[in-house]
Amino acid sequence: MNEMNLAGNKPTSFYAIPVSSKSVLSMQPIQTVKHIMEDYQKQQLALVSAQNGKENPKRTVTVNGTGEIKMPPNEIKLVIVIVSSKANIEEAKSSVQRRYEYVYQTMRKYKINESNIFVNTSYSRRDELYEVRCELSSMLSDYKIFLQIYNILIEKLDKSVKILEPELSHSANRIESLKRQATLQAIRNAKRTALDIANSVGLQLGKPCEIFQESFKETYGEPIEIIDVKYLSNLINEKTIKVTCNVRVTFDLIKGKSKKIMETVK
């Protein structure tokens with residue numbers, strides 16, 4: 001084994017490499033100066049990368065978006081009341097029965113299911129008269145059917161048959177569905193705004209990294225024309241709902257392609 005002559009081979013320069021005492025103690029005999037230099041360079045590169053990350057933070061854009069959904073009520077309750085007062089209760093029952101059969105057949109004629117026709121009959125006595133009262137009700141989803149039944153019964157039957165003022169409402173879970181639609185519309189509108197901003201500064205729009213709902217509002221009474229019946233239109237207007245949602249969305253901005261690449265893509 002050859003020995004190094006320290007006296008005859010003096011180095012012309014020295015490299016000062018910061019090495020901790022811990023790394024010196026853990027240094028293996030086969031480690032050379034070259035290995036130490038490579039480790040040092042890796043540490044410096046990692047440090048520079050970390051500094052660059054701090055100097056060039058993630059690019060984002062934050063925008064607002066509004067979604068608005070307006071819907072009239074989709075259910076109308078039909079309530080028909082038949083009343084007869086007679087000195088003889090059997091005569092009162094017979095009178096109500098005849099009108100009941102006509103009303104029931106009319107409802108079935110317009111394809112109202114039997115399961116959707118609810119009947120409630122009651123009896124009472126006032127002085128010397130017996131009063132028989134029969135109530136038929138049904139929840140409809142078509143305003144035109146309500147009007148057709150209404151017009152026929154008013155034309156064909158006497159004052160013993162009354163149609164109560166309709167009750168308009170929104171079906172179960174419909175409000176929640178409108179809320180979801182308004183929120184999605186608000187997010188889409190926010191995305192369009194963010195896309196315009198990204199394009200104007202030469203960047204591409206990335207994925208949303210934060211979505212925040214700023215406000216949510218439900219209002220009733222928006223005017224909307226559906227049918228040419230004044231009183232029913234007013235009821236529809238009173239129950240028309242407008243759902244408004246405002247969101248704030250933050251999107252990532254991605255560095256766009258160079259002009260040459262874009263020309264190639266075209």
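A few comments on the model shown:
- A 1.4 Å probe over all protein chains sorts 104, 220, 231 by accessible area into 220, 231, 104, starting with the largest.
- Selection of GluC sites (Glu not before Pro), segment 64-148, meeting DSSP coil and at most 15 other Cβ within 10 Å: 128
- In the structure shown, the pairs 77/179; 70/109; 86/239; 70/111 are assessed against 31 Å; a Cα-Cα span above that value is assigned to 70/109; 86/239.
- When only the Cβ of Lys, Arg, Asp and Glu is charged (+1, +1, -1, -1), the dipole of segment 79-168 relative to its Cα centre reaches about 220 debye.
- Global form of segment 117-176, assessed from the alpha-carbon gyration tensor, a/c cut-off 1.5: oblate
- For segment 124-183, the list of trypsin sites (Lys or Arg not before Pro) that fall in a loop by DSSP and count at most 14 other C-beta atoms within 10 angstrom reads 159.
- Averaging Cα coordinates gives a centre for segment 68-85 and one for segment 92-114; these two points are 18 Å apart.
- Net charge of the neighbourhood of residue 59, taken over other residues with C-beta under 9 Å away and scored Lys/Arg +1, Asp/Glu -1, is +1.
The values are calculated or read from the model by the stated rules, or taken from the named source; none is laboratory data. As the structure is a computational prediction, the values presented were derived from the model and not from experiment. Cβ atoms come from the backbone with ideal geometry, glycine included; neighbour counts cover every protein chain shown. The area values use the complete protein model at the heavy-atom level, side chains included, leaving out ligands, DNA and RNA. Shrake-Rupley method; radii C 1.70, N 1.55, O 1.52, S 1.80 Å.
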